[in-house]
Amino acid sequence: MALDPMTLALLTAGLKAGGSIFGGALARNPKESQAQKMRRELLDEILASIRGEGEFSDLFNLDEDAFQKSFVDPAKARFRNQISPQIQQSFIASGQHRGTGLDDTLTRAGVDMDQLLNEQYMNFLQQGQNRKANALNSILGMSEGVQPGLSTGEKLRESAAGFLTGEGFGESMDQILDAYNKRKGFAT
């Protein structure tokens, strides 16, 4: 059974369109470049560092010993060696060598120093949290190096659009029109 030229042209055009569209749907997603791979690995390392496991963990982990040595110990030494003796000398100068006034003033000064140390420690903790949050925000704000793959439906739509705007569609339409014109007896 032979097909008339019109049917043959329609079948050919349909097969071309189907092949083009479904071929596009089966296409693979783009591969990751070397720069994109290095960037992804760096981001993975930063995320591991935030958890305390990576190469950059010293940027995110709080060193409480360093805080103790750089802030707490000097503040206590200053209180013990400067502030407390100054308070005692002012009471001695006013004739109050020992008494509840001196003890109360020393206690209040010690409490004030403890509050200052607690505030500084909270600032220290907050700075560490801010470094982590800033790193995460920077990572989340970055565009992905390799765009996520298209869904099958998106691939089908793009393939169909590519076929309809490409040469294959024009050729198929010419074949269909030629077959139609021959069928109707029009000269081409």
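The values are calculated or read from the model by the stated rules, or taken from the named source; none is laboratory data. This one's a predicted model, so the numbers in the text were calculated from it and none came from an experiment. In this analysis, Cβ positions are derived from the backbone assuming ideal geometry, glycine residues included, and neighbour counts consider all displayed protein chains.
Could you please give the count of residues in the range 111-124 that are more than 14 Å from ASP73 (Cα to Cα) and not hydrophobic (A, V, I, L, M, F, W, C)? Give the derivation first.
Narrowing the range 111-124 to residues more than 14 Å from ASP73 (Cα to Cα): 111-112, 115, 119, 122-124.
Still in the list and also not hydrophobic (A, V, I, L, M, F, W, C): 112, 115, 119, 123.
The number of residues fulfilling the criteria is 4.
For the range 57-89, which residues satisfy the criterion of being of a type outside the set (A, V, I, L, M), closer than 30 Å to ILE46 by Cα and assigned to a helix (DSSP H, G or I)?
Within the range 57-89, the subset of a type outside the set (A, V, I, L, M) is 57-58, 60-61, 63-65, 67-71, 73-74, 76, 78-82, 84-86, 88-89.
Add one more test, that the residue is closer than 30 Å to ILE46 by Cα, and what stays is 57-58, 60-61, 63-65, 67-71.
Across the range 57-89, the qualifying residues are SER57, ASP58, PHE60, GLU64, ASP65, PHE67, GLN68, LYS69, SER70, PHE71.
Give the residue, chosen from ALA48, ALA2, ALA75, ALA13, that is over 30 Å from ASN134 (Cβ atoms) and either at pLDDT 80 or above or buried (at least 16 other Cβ atoms within 10 Å of the Cβ) (or both). Outline the logic, then answer.
Working: ALA48 fails: over 30 Å from ASN134 (Cβ atoms); ALA2 fails: either at pLDDT 80 or above or buried (at least 16 other Cβ atoms within 10 Å of the Cβ) (or both); ALA75 fails: over 30 Å from ASN134 (Cβ atoms).
When all the criteria are applied, what remains is ALA13.
Condition first: in contact (Cβ under 8 Å) with a residue 12 or more places away in the chain, surrounded by 11 or more Cβ atoms within 10 Å (Cβ to Cβ) and more than 49 Å from the chain's Cα centre (by Cα). Can you find one or more residues in the range 90-101 that meet it? I'd like the intermediate steps shown before the answer.
The first filter runs over the range 90-101 and keeps only residues in contact (Cβ under 8 Å) with a residue 12 or more places away in the chain, leaving 91.
Those left that are additionally surrounded by 11 or more Cβ atoms within 10 Å (Cβ to Cβ): 91.
Still in the list and also more than 49 Å from the chain's Cα centre (by Cα): 91.
The answer is yes; a qualifying residue exists.
Does PHE67 meet the test of being under 30 Å from GLN126 (Cβ atoms) and either among the hydroxyl-bearing types (Ser, Thr, Tyr) or modelled with pLDDT of 80 or more (or both)?
When the stated conditions are applied, PHE67 passes them.
Residues in the range 117-125: is at least one within 30 Å of GLU41 (Cα to Cα) and not small (Gly, Ala, Ser)?
If we filter the range 117-125 for residues that are within 30 Å of GLU41 (Cα to Cα), which is where we start, we get 124-125.
Subset that is not small (Gly, Ala, Ser): 124-125.
Within the range 117-125, one or more residues are within 30 Å of GLU41 (Cα to Cα) and not small (Gly, Ala, Ser).
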